[in-house]
Amino acid sequence: MISLPKPEIEGGILLNQAIYNRYSCRKFSSRNLTFKQVSALLWAAGGRARYRRTIPSAGATYPLEIYLVVGKDCVGNLAAGFYWYIWERHALELKIGKDLRKE
């Protein structure tokens with residue numbers, strides 16, 4: 001199991017500002033994500049918040065499972081592979097240890 005850095009929940013921008021400034025982009029950067037950025041994205045997608053999770057769920061069933069596909073040399077020192085995000089521990093578990101981006 002790979003522990004992730006704690007997400008930064010202080011500071012940043014207000015929700016209304018984020019909604020107002022939101023836009024879709026089809027021009028992607030060639031820069032790799034950092035381990036800290038991946039940690040923040042996974043937490044925002046469905047991590048543990050103060051009382052429950054960062055996402056809503058009808059009946060608090062939380063059927064969403066989050067997985068991460070990492071290519072070779074794409075995310076800091078994280079090895080290429082297919083990872084399962086364990087939201088209760090804010091950690092990753094390697095499921096398949098190879099680059100699956102083509103598959």
| task | Express in whole angstrom the spacing between the alpha-carbon centres of the range 1-44 and the range 49-71. | result | 16 Å
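Roughly how many Å² is the accessible area per residue of the chain, as a whole number, for a 1.4 Å probe? Each step should come with its number before you reach the end.
Details: 8310 Å² over 103 residues.
Here the per-residue accessible area is 81 Å².
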| Among (1) 39, 34, 24; (2) 87, 32, 24; (3) 37, 29, 27, which one is Cα extents along the principal axes in Å computed from these coordinates? | (1)
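Can you give me the % of accessible surface on the chain that is carbon or sulfur? Probe 1.4 Å, all protein chains present, nothing else counted. Kindly include the intermediate steps, with their values, before the conclusion.
Working: 4550 of 8310 Å².
Heavy-atom surface of the chain belonging to carbon and sulfur, 1.4 Å probe: 55 percent.
How much mean residue ellipticity at 222 nm does the chain get from its helices, if each DSSP H run of length 4 or more adds -39500 (n - 2.57) and you divide by all residues, to the nearest 500 deg cm²/dmol?
Details: 2 runs with 19 residues, N = 103.
That calculation yields -5500 deg cm²/dmol at 222 nm.
The values are calculated or read from the model by the stated rules, or taken from the named source; none is laboratory data. From a predicted model like this one, the values you see are computed outputs, not experimental measurements. When the accessible area is computed, the model is the full protein with side chains, heavy atoms only, and any ligands, DNA or RNA have been set aside. Shrake-Rupley method; radii C 1.70, N 1.55, O 1.52, S 1.80 Å.
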